[in-house]
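The values are calculated or read from the model by the stated rules, or taken from the named source; none is laboratory data. Fair warning: this is a prediction, and the values are worked out from it, not measured in the lab. Please note: Cβ atoms are built from the backbone with ideal geometry, for glycine as well, and neighbour counts cover all protein chains shown. These area figures cover heavy atoms from the full protein model, side chains too; ligands, DNA and RNA do not enter into them. Shrake-Rupley method; radii C 1.70, N 1.55, O 1.52, S 1.80 Å.
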Amino acid sequence: MFDDRSPIYLQIAEQIKNDIVTGALGADEQVMSTNQYAAFYRINPATAAKGFAQLVDEGVLYKKRGIGMFVSPKARELLRTGRQASFFAEVVDPMIREAEAIGVPLKDVVEHIHSRESGGGAR
Amino acid sequence: MSGLGVRTEQLTVRFGDVPAVDSLDLRLAPGKIHGLLGRNGSGKSTLAATLAGFRAPTGGRVLIEGDEIGSREPYEDAVVTSRVCLIRESGDLVDSAPVRHVLGLASSLRPYWNAELAGELLDKFEVPVRQRVQKLSRGKKSALGVVLGIASRAPLTIFDESYLGMDVPSRNLFYDALLADYAEFPRTIVLSTHLVSEVSSLLEEVVILDRGRLVTQAPVDSLRGRGASIVGPATLVDELTADLIVLAEQRLGGTKSTTVLGDLDDTLLAKARAAGLEVGPVGLQELFVHLTGAKEGAR
């Protein structure tokens, strides 16, 4: 679930962001408490709290005193914009490199994308 | 009750001529879960026994500190020893007594003992309360030990490899029970172990010992991703790692893999990538192995 190669609090923050981007966690939805989270994933409560604090700092979560933490209404928009900025560099460029390395013409790739678009199902 | 802090000053414990703990200066912050990591024979158990007052220092001193008790040396001081609970793998239990007598003894010695919690946990671990301790299997004896450790709710609780005799499901039960009770009643916990990868996510701080000396003490998350491995043509790797702390090196033909300690700065990373070198993270377990390796010149 968590690996030992990067700080766990960052991995927690990434996991929650991912749930927000995919819509698994909706706007104004309450997230688990740090103690629930710590118990569920078997991690130190201070580590969980640090991950949550980072998300509050970034404006992804907000606190309601005495009640808990919730997903900011703008969180999804914020995160999607951030990921869109790196989409071409992190997703498309490596795909192009792979296609070139194994000899798939880019023209075929483009056609494949077009067929998906006209085939429906795409947003 | 919020947990006791620990301070050692030039602590030395010798067995004959051999120092098991050697001029150790250490501080453990109260209220956190600390990992005490080291290989076999690194001095973990001796340190644990000294913190709990089971053993007197040969040199230097240990202080246990808290609002309620001030700052005191644990050896032969009942005020401290009733608040410090050390659970060792051997269990230190009266073998001929039934389990329920062991519980009775704990409740008379431990000021924060919670009998209800002890009962619940013994149920979960399926430890028969009427049985004599000597009739319990190794796993059940270990389970009884950790139940005593958790239910004592001692402001400083030390588990010294106490769970080695337990199988994986029981160990997971122990980790869950410990975290749940710690979340409710925060206190200082020390987990002494060499099973780094299994317990690392439970910890907030780690202390790494090697041959009785302190190798490093740090928040566990800061050690994650602190090492890096650099792989590529030997000359390029050597050039790039010349000024870094090298933990380990490995060669296969003209290819070299070097493990270094510390965060790589961005310019160095960019240089490595431009040169076509592979840069990868190093896991905590691996870092631990390198930091406490027996090989000469590995630092």
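Return yes when B:Lys271 is more than 14 Å from every other protein chain (Cβ to nearest Cβ) and either in a loop (DSSP other than H, G, I, E, B) or at pLDDT 85 or above (or both) and no when it is not.
No; evaluated as a whole, the condition is false for this residue.
Residue-by-condition table, conditions (1) under 15 Å from B:Val146 (Cα atoms); (2) modelled with pLDDT under 95:
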site: B:Thr58; (1), (2): no, no
site: B:Glu73; (1), (2): no, no
site: B:Leu86; (1), (2): yes, no
site: B:Glu89; (1), (2): yes, yes
site: B:Asp92; (1), (2): yes, yes
site: B:Ser96; (1), (2): no, yes
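Examine region A:42-53 for a residue that is farther than 21 Å from A:Pro7 by Cβ and open to solvent by 30 Å² or more (accessible area, probe 1.4 Å), and state whether such a residue exists.
no
Search region A:76-99 for residues that are closer than 17 Å to A:Glu58 by Cβ and pair each with any residue that is open to solvent by less than 50 Å² (accessible area, probe 1.4 Å) and in a helix (DSSP H, G or I) when their beta-carbon atoms are under 8 Å apart and the residues are at least 6 apart or on different chains.
Every condition considered, the pairs that remain are A:Arg76/A:Ile20; A:Arg76/A:Val21; A:Leu79/A:Lys17; A:Leu79/A:Ile20; A:Leu79/A:Val21; A:Arg80/A:Val21; A:Arg83/A:Val21.
Taking A:Ala99, is it farther than 25 Å from A:Ile8 by Cβ and surrounded by 13 or more Cβ atoms within 10 Å (Cβ to Cβ)?
Spelling it out, A:Ala99 is indeed farther than 25 Å from A:Ile8 by Cβ and surrounded by 13 or more Cβ atoms within 10 Å (Cβ to Cβ).
Just give me the residues in region B:247-267 being free of Cβ contacts under 8 Å to residues at least 12 places away in the same chain, over 19 Å from B:Leu223 (Cα atoms) and not in a strand (DSSP E or B), in sequence order.
B:Gly253, B:Thr267 - these are the residues of region B:247-267 that are free of Cβ contacts under 8 Å to residues at least 12 places away in the same chain, over 19 Å from B:Leu223 (Cα atoms) and not in a strand (DSSP E or B).
Might you let me know whether region B:243-252 holds any residue that is closer than 30 Å to B:Pro57 by Cβ, more than 14 Å from chain A (Cβ to nearest Cβ) and modelled with pLDDT under 90?
Start the filter on region B:243-252 by keeping residues that are closer than 30 Å to B:Pro57 by Cβ, which leaves none.
No: zero hits.
Within region B:122-169, can you find the residues that are surrounded by fewer than 23 Cβ atoms within 10 Å (Cβ to Cβ) and hydrophobic (A, V, I, L, M, F, W, C)?
B:Leu122, B:Phe125, B:Val127, B:Val129, B:Val133, B:Leu136, B:Leu164, B:Met166, B:Val168
If you take the residues in region B:210-244 that are without any contact (Cβ under 8 Å) to a residue 12 or more places away in the chain and either touching a helix residue (DSSP H, G or I) at 6+ places or on another chain (Cβ under 8 Å) or within 22 Å of A:Ala48 (Cβ to Cβ) (or both), which one is least open to solvent (accessible area, probe 1.4 Å)?
Checking each candidate, the answer is B:Asp221.
In region B:154-169, how many are farther than 15 Å from B:Val190 by Cβ and away from every other protein chain (no Cβ under 14 Å)?
Going through region B:154-169 one residue at a time, the tally reaches 4.
Answer yes if at least one residue in region A:60-69 is crowded, with 16+ Cβ neighbours inside 10 Å, under 30 Å from B:Phe288 (Cα atoms) and free of Cβ contacts under 8 Å to residues at least 40 places away in the same chain, and no otherwise.
No, that holds for no residue.
Just for region B:263-287: of the residues that are over 14 Å from B:Pro233 (Cα atoms) and in contact with a strand residue (DSSP E or B) (Cβ under 6 Å, 6 or more places away or on another chain), which one is surrounded by the fewest Cβ atoms within 10 Å (Cβ to Cβ)?
Result: B:Gly280.
Report yes if B:Val207 is open to solvent by less than 20 Å² (accessible area, probe 1.4 Å), more than 10 Å from chain A (Cβ to nearest Cβ) and over 25 Å from B:Leu117 (Cα atoms), otherwise no.
So B:Val207 fits the description; yes.
Restricting to strands (runs of 3 or more DSSP E) lying wholly in region B:194-246: which have 3 or more residues that are under 11 Å from the mean Cα position of the chain (by Cα)? Walk me through it before giving the result.
Numbers: elements: B:205-210, B:213-219, B:227-233.
Filter on region B:194-246 gives B:205-210.
Taking helices (runs of 4 or more DSSP H) that fall entirely within region A:1-66, which contain at least 3 residues that are more than 14 Å from chain B (Cβ to nearest Cβ)?
A:8-22, A:45-57
Looking only at residues in region B:29-53 that are surrounded by fewer than 17 Cβ atoms within 10 Å (Cβ to Cβ) and farther than 23 Å from B:Glu204 by Cβ, which one is nearest to the other protein chains (Cβ to nearest Cβ)?
B:Asn40
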